Amino acid sequence: MLSRSSFTSLVVGVFAVYVAHTCWVMYGIVYTRPCPAAADGGAGGCVWPYLARRPKLQLSVYTTTRSSIGDESNIDLVLNVEDFDIESKFERTVNVSVPKKTRNNGTLYAYVFLHHAGILPWHDGKQVRIVSPLTTYMVPKPEEINLLTGESDTQQIEAEKQSNALDEPVSHWRSRLTLNVMVEDFVFDGSSLPADVHRYMKMVQLGKTVHYLPILFIDQLSNRVKDLMVINRSTTELPLTVSYDKISLGKLRFWIHMQDAVYSLQQFGFSEKDADEVKGIFVDTNLYFLALTFFVAAFHLLFDFLAFKNDISFWKKKRSMIGMSTKAVLWRCFSTVVIFLFLLDEQTSLLVLIPAGIGAVIELWKVKKALKMTIKWQGLRPKFQFGAYNDSEKKTEEYDAQAMKYLSYLLYPLCIGGAGYSLLNVKYKSWYSWLINSFVNGVYAFGFLFMLPQLFVNYKMKSVAHLPWKAFTYKAFNTFIDDIFAFIITMPTSHRLACFRDDVVFLVYLYQRWLYPVDKSRVNEYGESYEEKSKKKAHRE
């Protein structure tokens, strides 16, 4: 049987191996070994870049309802960039005609051609093309209304509301098309072409050497849910923003792997919105910050696991509630369940929803331990029984109730006032949505106030020995990590403020730990005292 210290060392060791392996894999992605013969001027086995010849190129974008085309029939030209410069970035917005088939919940495709200037793509043997759907299927977001007046932001035709049921996916317009061309004059080794780039490469034989044509790439990670537009039957034209930028070989390979990872998530059942949460991690940050985010997130995950392990161990061995605020435990349970229901109502990504659900279950288990609750089943009907508190625990409950009495004078008016204000000024999908949002806003804005009863109990008992300090320490590391990224990562203002409120309370906990020295006659977090342990040890000897 592994001891607690050896198990923690094992976890840290596995974590270090995982980080090292990930760094090695990432290095293999961004670094590509060039053809050895190219350094000697030889051509044997090398694949040379066609762009090194500096050809005059033209970029053309067509749309069609067909998934494959062989000629120029039944297609529409929406963008034509003559004398295309691969080094110059641009962004242009064009209006695209929406066919009737697409308006009736159909699909529209974009065909992007890179070919020689002055020659139509179908007549150019050295053209490269890539296709991407301009539409995707999603369940439309429910309309939000003012619950008191019934007013909404968008006035839709009633018949159209009935035809598009909220639980049925409808066609949405992707308003952005992001193009890239790999511009490095890189010479590949023909015997070890990277598989990720190979499927985007088109080879031609020019004399005795093999060349690869320009590598054209569509950045699907830039297609975000926030940019999607519902295609109505009355819509005849929609805007499309076409942007172009050059890309390096290392970034191209990395982006291909990330797109494959997002596609794999969708194959495993993740929705478009779930995949969009992952896309945002890569699109909204540059590569260097992305690498920093990975390392910080890895340490965040490690500290989360260690805090979880120590917290479970603490409550599993807990035999007494002396010095512990029962109201604080109940509040943490309530707030965790409310946040989980809020995320569920907002149809948040499973990446966030699943951990929140697990946390809610754990907090419910803590409440059962704190209230000394046992459940006995009488057929299908559960019967709840609560254990009795001793004198010391009753004294703690008195301090706890006293703190809650003072706290209620401030907390309840603030929560009720905030809920009333949001009911008058904010639009919601339903009364349930308003109720959950009011609860979660109260949790975020005033939740730290419910940490104060524990501080008050510590002050009255002049001790902090009963608190789970190991779990607190790991959570503190994560709190400071959250502080750093609260300035950088996009998040709701209420959640950003929630990161800093925890710092203040934790600093007060640290001050109380310094203020109240260790009393070896006082019970610790497991209901034991140092003197009791010494007596047990002497008895065994």
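The values are calculated or read from the model by the stated rules, or taken from the named source; none is laboratory data. What you see is a predicted model; the values in this text were computed from it and never measured. Note: ideal-geometry Cβ built from the backbone for every residue, glycine included; neighbour counts use all protein chains shown. Surface accessibility is based on the protein's heavy atoms, side chains included, excluding ligands, DNA and RNA. Shrake-Rupley method; radii C 1.70, N 1.55, O 1.52, S 1.80 Å.
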(message) Condition first: at pLDDT 90 or above, over 32 Å from the mean Cα position of the chain (by Cα) and among the aliphatic types (A, V, I, L, M). Now tell me which residues in segment 178-205 satisfy that.
(response) 187, 201, 203, 204
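Within segment 108-124, can you find the residues that are of a type outside the set (A, V, I, L, M), out of contact with any His (no Cβ under 6 Å at 6 or more places or on another chain) and touching a residue at least 40 places away in the same chain (Cβ under 8 Å)?
109, 111, 113, 115, 116, 118, 122 - these are the residues of segment 108-124 that are of a type outside the set (A, V, I, L, M), out of contact with any His (no Cβ under 6 Å at 6 or more places or on another chain) and touching a residue at least 40 places away in the same chain (Cβ under 8 Å).
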(message) Can you tell me which residue is modelled with the lowest pLDDT among those in segment 242-271 that are buried (at least 16 other Cβ atoms within 10 Å of the Cβ), aromatic (Phe, Trp, Tyr) and under 26 Å from residue 62 (Cβ atoms)?
(response) 255
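Conditions (1) modelled with pLDDT of 90 or more; (2) under 17 Å from residue 214 (Cβ atoms), marked per residue:
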{"site": "67", "(1), (2)": "no, no"}
{"site": "73", "(1), (2)": "no, no"}
{"site": "83", "(1), (2)": "no, yes"}
{"site": "89", "(1), (2)": "yes, yes"}
{"site": "92", "(1), (2)": "yes, no"}
{"site": "99", "(1), (2)": "yes, no"}
{"site": "104", "(1), (2)": "no, no"}
{"site": "108", "(1), (2)": "yes, no"}
{"site": "122", "(1), (2)": "no, no"}
(request) Would you point out the residue of segment 305-314, among those that are of a type in the set (A, V, I, L, M, F, W, C) and surrounded by fewer than 20 Cβ atoms within 10 Å (Cβ to Cβ), that is nearest to the chain's Cα centre (by Cα)? (result) 305
(request) With a cut-off of at least 3 residues that are open to solvent by less than 60 Å² (accessible area, probe 1.4 Å) and aliphatic (A, V, I, L, M), name the strands (runs of 3 or more DSSP E) lying wholly within segment 15-99. (result) 57-64, 76-84
(request) For residues that are over 24 Å from residue 337 (Cβ atoms) and not hydroxyl-bearing (Ser, Thr, Tyr), scanning just segment 381-404, find the one that is least open to solvent (accessible area, probe 1.4 Å). (result) 393
(message) List the residue pairs whose Cβ atoms are under 6 Å apart, where the first residue sits in segment 128-149 and is modelled with pLDDT of 65 or more, the second is among the charged types (D, E, K, R), and the two are 6 or more positions apart or on different chains.
(response) 128/202; 134/174; 138/272
